[in-house]
Every structure is written in C-alpha cells, then in structure tokens.
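*Asks:* Here you go, one structure.
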Amino acid sequence: MKKPYEKPVIFKLKTGFMNKFGGGSYFLKKVRSEIEGISVDELVKEFGSPLFVFSERKLRQKFRELKNAFTLRYPNVEFSWSYKTNYLDAICAILHDEGETAEVVSEFEYEKARRLGVPGNKIIYNGPYKPLDSLRVAVREGARINVDHFEEIADLEQVADELGAKPRIGIRLNMDTGIQPQWSRFGFNLESGQAIDAVKRIAAGGKLELVGLHCHIGTFILEPRAYEQEVKKMVEFAYRIEEEFGFKIEYLDIGGGFPSKNRLRGIYLPPDVAVPSVDEFAEGVCNALLSSLRPGDYPKLILESGRAIVDEAGYLITTVHAAKRMPNGRKAYVVDAGVNILFTAFWYHFNVELDREVNGPAEPCILYGPLCMNIDVVDDMVQLPPLPRGTRLILSPVGAYNVTQWMQFIRYRPNVVLIGENGEVELIREAEDLSDIVRRERLPERLELKWKD
Amino acid sequence: MGKLQKLAMSDEGFIFDPETGSSFTVNQTGLFILKLLKEGKSQEEVVEALTEEFDVSREEAARDLIDFLEQLRLNGLLREEKSV
Ligand SMILES: Cc1ncc(COP(=O)(O)O)c(C=O)c1O
C-alpha cells in the first residue's frame with residue numbers, strides 16, 4: 001500500500017521567534033463538511049460554486065437572542081429590519097415572520113418591502129435622499145419617516161398641503177457618543193443646536209407632528225457605553241422638546257450597529273473575545289433608558305439592527321482553482337469567489353474552514369479572487385495547509401451586506417440557497433446569466449456588428 | 001559540489017545549511033524529495049519515485065515538485081545557476 005500523500009513543504013526555523021502566526025492560530029485547520037447537516041459537496045453538486053448558503057435556523061436564533069435580550073429588559077420594543085443589510089425576499093420574509101417591521105432607505109427598498117406584503121405603517125423610511133414622490137407615497141401609506149435635513153422638512157410640508165394631512169414624523173439626530181468616527185453627516189446635530197433648530201422649524205411650520213427621534217451612531221460598534229450615551233441624550237432631548245414645543249415623543253429609534261462575531265481587519269483578538277454579547281448591549285441601553293425616563297413613561301424603543309442578526313446566518317462556499325507561489329515566498333490561492341460578491345472582505349478576516357481534512361503544516365497564505373483586478377483579495381493572511389485544487393473553503397460570517405453590496409462585475413453573481421429548519425434546501429436567488437445583464441442594454445442599430453462567423 | 005550535497009539532514013526532517021547557519025524543517029514528502037535531489041536524481045525521476053511511494057497522481061506530484069523547488073530557491077538552498 002502506498003503512503004498517504006502530503007504536499008511537500010519546507011520552513012525556515014527562526015530562533016527566538018517561533019512563527020508568530022503558527023500554532024494556536026484562530027483559523028488553523030478547521031474542517032466543515034456540512035452546513036446545517038447538508039453536505040458541502042452535495043450543495044455544490046446541485047447549485048455550483050461559489051455558492052451563498054443561508055441558515056434559517058441560525059437567522060431565527062440570532063434574532064430571538066437579540067429580541068429576548070431587549071424585551072426582557074424593557075416593555076415596549078420594536079425591531080425593524082434594516083433592508084440594506086440583506087434585502088433578499090426570503091431573508092426579509094423570515095424576519096417579518098419573527099415580527100420585525102421594515103427599515104428602508106430608498107424608494108427601491110420601500111417598494112421591495114411593499115411588494116413583499118409589508119403594510120405602509122410597518123415601514124420606517126430613513127435616509128438622506130427621499131425623492132418627493134416617494135415621500136408622497138410614504139405619507140399616504142402611513143409609513144414612519146425620519147427626516148434627515150431642513151429641505152426634507154419643507155418637502156414634507158408640501159406633501160402635507162397636497163394631501164391635506166398632518167404627517168407624524170421623526171427627526172434623525174447625530175451626536176457625540178464618545179466614539180469615532182462620528183456619523184455626523186446624517187440628520188441634525190445635537191450638540192451644535194441644529195437639532196433644536198429643526199424642532200423650532202417644524203413647530204413654526206405647524207404642518208407636521210413631531211413624534212419620534214432617530215439616530216444611528218455607526219456600524220460594528222464594539223462599545224456598549226456609546227449606546228448608553230446615545231439613549232441618555234435622546235431621552236433628555238425628547239423631554240426638552242416636549243416641554244418647549246409640546247411635541248410628545250412616542251418612539252426612540254436608536255438605529256443599528258451592533259457587531260457580529262466577525263473579525264475586523266486590524267483587530268487580532270478572536271471575535272469571541274473582542275465582541276461584547278447582545279446582553280451587554282441590551283443591559284446598557286435598557287438601564288440607560290429606565291434610569292433617564294420618567295416613571296411610567298415607556299416610549300417605544302426601536303432597534304434597526306442588521307449585521308448582528310444576519311451576518312452569522314450566511315456562508316459562502318468557494319473552490320480552490322489554482323495555487324501560486326509569490327516572489328516573496330508567500331503561498332497564494334486563486335479561488336472562484338472574489339470581492340465582486342464578497343464586499344465585506346474589505347473589512348473582515350473571515351472564518352475559513354475546509355470541506356475536508358488536509359494534511360500538512362499550515363502556512364500563511366493569500367486568497368485571491370477570480371477577478372483580473374489587483375484589488376481582488378479575499379484574505380491576505382490566512383493559515384492554511386497545502387490545499388489541493390478543488391478543495392472547498394467555507395467562509396463565514398458573510399450574511400450581512402454581501403448579497404446587497406455585491407456587484408455584477410466581470411463575473412455573474414452565483415446562486416443563493418436557504419437551508420430551512422427541516423433541512424430543506426431551497427434556491428432563493430438564482431445565478432445570473434447573460435440575459436440578466438443585457439436585458440437593459442440598447443445597441444443603436446447603426447453600431448451593430450457586421451462580422452461574419 | 002552542489003549546495004544540496006552540503007546540507008545536513010535528519011530523518012525527522014531537520015535541515016541545516018552550514019554555509020549560512022540557517023535551519024529548516026521539512027515534512028516527510030519534502031525530505032523524500034530532498035534526499036533524491038541530493039543523490040542527483042532528475043525531476044522526472046523524482047516525480048516517478050513520488051508516485052511509487054505515495055498515493056498521488058503524476059500530475060499533482062509534478063506540480064508540487066515545481067512548487068517545492070521554488071521554496072528551496074527562495075530559501076537559498078538551490079543555486080540560481082543550477083536549475084535542477
Ligand atoms: C439608519 C440605519 N439603520 C440601521 C442600519 C443597520 O446597521 P447594522 O447592520 O450595523 O446593524 C444602518 C446601516 O448603515 C443604518 O444606516
């Protein structure tokens with residue numbers, strides 16, 4: 001019998017400096033032959049590679065964890081699904097089934113939610129650019145609108161006149177919560193007095209009813225205290241405008257931004273250590289609320305958490321197409337998924353798992369995507385044993401922002417499947433082909449090619 | 001005498017380069033190849049030997065040998081002029 005084969009490798013030994021990426025590495029040699037009990041091999045046989053795979057069980061579980069963390073600590077909570085984080089119908093439908101309303105930031109997202117069957121009054125409409133027509137629709141259908149700037153106040157007053165209605169609106173605030181960067185480009189600044197000016201302006205117009213405050217302090221926030229600050233400042237402001245202008249604030253929408261168990265580039269601690277639990281965030285937010293609200297006053301707390309709910313429910317299966325040795329000795333692989341479909345590769349070092357046991361020592365490797373573009377680097381530092389061609393890598397978490405920010409660039413976008421709670425595997429977005437891309441193109445007749453095959 | 005002939009090798013895969021004082025570690029496949037190269041075997045012969053000794057296709061062995069030679073070169077264990 002022949003001996004089992006392992007690819008040949010040689011490493012230089014450095015005295016007093018045991019390879020700092022060696023042993024104990026977070027990503028060292030992890031094997032995952034299945035996702036939710038369905039073999040990776042079968043998934044690829046049926047749906048091809050690369051392939052996005054979502055777990056319904058994990059999605060519902062993550063949502064319920066977050067929901068329980070807040071509803072156990074505060075009596076009036078609403079979760080509103082951030083469409084931009086993942087607006088695949090099937091994903092939204094699951095979260096709406098769990099009770100989430102829809103948080104949208106464009107007329108496209110608004111229309112997508114409506115088409116899915118979400119009533120207007122279960123939509124929160126945010127964002128810096130809300131075309132007038134979309135405001136008309138949103139007001140008519142009773143959506144909650146959070147105003148971003150003074151022009152939008154004027155636009156809404158125009159809509160109010162046209163419809164003979166008094167829209168109930170919120171305003172978006174931005175503020176110092178002790179973290180950087182401060183997302184000060186959205187909404188009205190609190191500390192500068194701009195926010196109170198906006199309230200004055202709304203009161204002076206007399207055509208709008210201010211009933212809500214909104215804020216979103218950023219994304220992948222690792223600091224629960226930032227939310228405590230946010231909440232305290234919002235409550236204080238709510239009471240101030242109630243006293244000075246008589247507007248009763250019915251909801252405090254604190255946005256999203258909770259992190260997922262992903263590893264940001266530049267952070268070397270594994271996510272289990274670096275990322276606070278949802279309970280820590282909930283504890284901070286709810287304590288801050290209860291300690292600053294008047295007794296018996298429970299305005300609705302709205303959360304627009306995206307990433308923390310869906311990121312860990314998504315996996316990407318990708319296949320090793322070729323191996324390379326860089327001039328500096330670094331090992332590299334070309335895989336069939338690149339930054340065209342994996343936008344979050346710019347921020348994260350994913351968890352990389354192999355579909356099979358591969359023998360041989362791990363070494364630091366680069367994962368290149370399939371694009372003929374220098375930017376196409378899925379990971380610049382991942383510990384991998386010598387991988388045979390055809391090895392499948394399972395990257396996670398990839399459920400947030402990829403299937404929305406992906407682009408049709410150089411390659412077609414691949415299939416997306418959902419594994420249901422009973423193990424059913426369903427296609428929820430079909431891979432593209434040429435017809436999807438050329439459908440919108442128009443070739444002027446005079447430019448048609450006359451070449452003969 | 002080629003550079004490879006001067007290397008000290010243990011059966012555990014410890015390699016010492018007396019010229020530079022550097023030490024290396026290789027896995028079993030790497031050691032197997034190094035020994036053959038030291039004996040002056042050609043690339044074809046090494047590939048042949050690999051397929052006889054291990055459960056590996058000729059294609060994969062040939063591909064991996066190229067990569068291994070590159071690793072040796074990068075570690076200064078093959079002289080540039082001596083292309084094996
Ligand atoms: C207004 C608003 N709400 C919610 C979110 C969701 O954020 P996250 O996915 O970080 O929870 C975003 C994301 O940018 C946002 O802009």
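*Asks:* Select from the stretch B:1-22 the residues that are among the hydroxyl-bearing types (Ser, Thr, Tyr) and surrounded by 16 or more Cβ atoms within 10 Å (Cβ to Cβ) and list them in ascending order. Before you say what the answer is, go through the steps one by one.
*Replies:* The initial filter retains those residues of the stretch B:1-22 that are among the hydroxyl-bearing types (Ser, Thr, Tyr), namely B:10, B:20, B:22.
Matches in the stretch B:1-22: B:Ser22 only.
*Asks:* Can you tell me which residue within the stretch B:16-44, out of those that are farther than 20 Å from A:Pro4 by Cα and among the charged types (D, E, K, R), is nearest to the other protein chains (Cβ to nearest Cβ)?
*Replies:* Taking the stretch B:16-44 as the starting set, the residues that turn out to be farther than 20 Å from A:Pro4 by Cα are B:16-24, B:37-44.
Right, trim to among the charged types (D, E, K, R) and you get B:17, B:19, B:38-39, B:41, B:44.
Numbers: B:Asp17: 10, B:Glu19: 14, B:Lys38: 14, B:Glu39: 16, B:Lys41: 14, B:Glu44: 16 Å.
Result: B:Asp17.
*Asks:* Taking the stretch A:240-257 on its own, how many of its residues are among the charged types (D, E, K, R) and buried (at least 22 other Cβ atoms within 10 Å of the Cβ)? Don't jump to the end; show me each part of the working.
*Replies:* Residues of the stretch A:240-257 among the charged types (D, E, K, R): A:240, A:242-244, A:248, A:250, A:253.
This time we only want the ones that are buried (at least 22 other Cβ atoms within 10 Å of the Cβ), so: A:253.
Residues meeting the conditions: 1.
*Asks:* I need the strands (runs of 3 or more DSSP E) fully contained in the stretch A:54-153, keeping only those with at least 1 residues that are acidic (Asp, Glu) and within 15 Å of the ligand (Cβ to nearest atom).
*Replies:* Values: elements: A:77-82, A:101-104, A:123-125, A:144-147.
In the stretch A:54-153, the matching strands (runs of 3 or more DSSP E) lie at A:77-82, A:101-104.
*Asks:* What number of residues within the stretch B:18-63 are touching a Leu at 6+ places or on another chain (Cβ under 8 Å), in a helix (DSSP H, G or I) and touching a residue at least 12 places away in the same chain (Cβ under 8 Å)?
*Replies:* 12
*Asks:* If you don't mind, another one. Inside the stretch A:211-243, can you point out the residues that are away from the ligand (no atom under 13 Å from the Cβ) and without any contact (Cβ under 8 Å) to a residue 40 or more places away in the chain?
*Replies:* Matches in the stretch A:211-243: A:Glu242, A:Glu243.
*Asks:* Let me ask something additional. Among the candidates A:Ile153, A:Ile196, A:Ile202, A:Ile179, single out the residue that is closer than 22 Å to A:Leu301 by Cβ and either assigned by TED's automatic domain parsing to the domain that holds A:Gly255 or exposed (fewer than 14 other Cβ atoms within 10 Å of the Cβ) (or both).
*Replies:* Working: A:Ile153 fails: closer than 22 Å to A:Leu301 by Cβ; A:Ile196 fails: closer than 22 Å to A:Leu301 by Cβ; A:Ile202 fails: closer than 22 Å to A:Leu301 by Cβ.
That would be A:Ile179, the only listed residue that is closer than 22 Å to A:Leu301 by Cβ and either assigned by TED's automatic domain parsing to the domain that holds A:Gly255 or exposed (fewer than 14 other Cβ atoms within 10 Å of the Cβ) (or both).
*Asks:* Here are A:Ser25, A:Ser55: which of them is more than 14 Å from every other protein chain (Cβ to nearest Cβ) and at pLDDT below 95? Quick ask: steps written out before the conclusion?
*Replies:* Details: A:Ser55 fails: at pLDDT below 95.
So the residue among A:Ser25, A:Ser55 that is more than 14 Å from every other protein chain (Cβ to nearest Cβ) and at pLDDT below 95 is A:Ser25.
*Asks:* Now for a separate question. For the stretch B:45-58, check the following and say yes or no: at least one residue is facing another protein chain (nearest Cβ under 8 Å) and at pLDDT below 90.
*Replies:* no
*Asks:* Now for a different question. Which pairs do you get when a residue that is more than 14 Å from chain B (Cβ to nearest Cβ) and within 16 Å of the ligand (Cβ to nearest atom), found in the stretch A:298-321, comes within reach of a residue that is in a loop (DSSP other than H, G, I, E, B) and basic (Lys, Arg), reach meaning Cβ atoms under 8 angstrom, with the pair 6+ apart or on two chains?
*Replies:* So the pair list comes out as A:Asp311/A:Lys261; A:Glu312/A:Lys261.
*Asks:* If A:Leu156 satisfies all but one of (1) farther than 17 Å from A:Gly256 by Cβ; (2) within 14 Å of the ligand (Cβ to nearest atom), what's the number of the condition it fails?
*Replies:* It fails just one condition, (2).
*Asks:* Among the residues of the stretch A:429-441, is there at least one that is among the small types (Gly, Ala, Ser) and without any contact (Cβ under 8 Å) to a residue 24 or more places away in the chain?
*Replies:* Among the residues of the stretch A:429-441, at least one is among the small types (Gly, Ala, Ser) and without any contact (Cβ under 8 Å) to a residue 24 or more places away in the chain, which makes the answer yes.
*Asks:* Give the number of residues within the stretch A:323-337 that are at negative phi and either within 10 Å of chain B (Cβ to nearest Cβ) or touching a helix residue (DSSP H, G or I) at 6+ places or on another chain (Cβ under 8 Å) (or both).
*Replies:* Within the stretch A:323-337, the first condition is being at negative phi, and the residues that meet it are A:323-328, A:330-337.
In the following step, the residues that additionally are either within 10 Å of chain B (Cβ to nearest Cβ) or touching a helix residue (DSSP H, G or I) at 6+ places or on another chain (Cβ under 8 Å) (or both) were identified as A:323-328, A:330-331.
Going through the stretch A:323-337 one residue at a time, the tally reaches 8.
*Asks:* Read through the list (1) closer than 19 Å to A:Tyr412 by Cα; (2) at pLDDT 95 or above, then give the number of the only condition that A:Ile375 fails.
*Replies:* (2)
*Asks:* For the stretch A:322-354, how many residues meet the condition of being in a loop (DSSP other than H, G, I, E, B) and either within 16 Å of the ligand (Cβ to nearest atom) or of a type outside the set (A, V, I, L, M) (or both)? First the steps, then the outcome.
*Replies:* Kept after step one, since they are in a loop (DSSP other than H, G, I, E, B), are these residues of the stretch A:322-354: A:326-330, A:336-342, A:347, A:350.
Still in the running and either within 16 Å of the ligand (Cβ to nearest atom) or of a type outside the set (A, V, I, L, M) (or both): A:327-330, A:336, A:338, A:340, A:347, A:350.
Going through the stretch A:322-354 one residue at a time, the tally reaches 9.
The values are calculated or read from the model by the stated rules, or taken from the named source; none is laboratory data. Note that the structure is predicted; figures quoted are calculated from it, not measured. Using ideal geometry, Cβ is built from the backbone for each residue, glycine included, and neighbour counts are taken over all protein chains shown.
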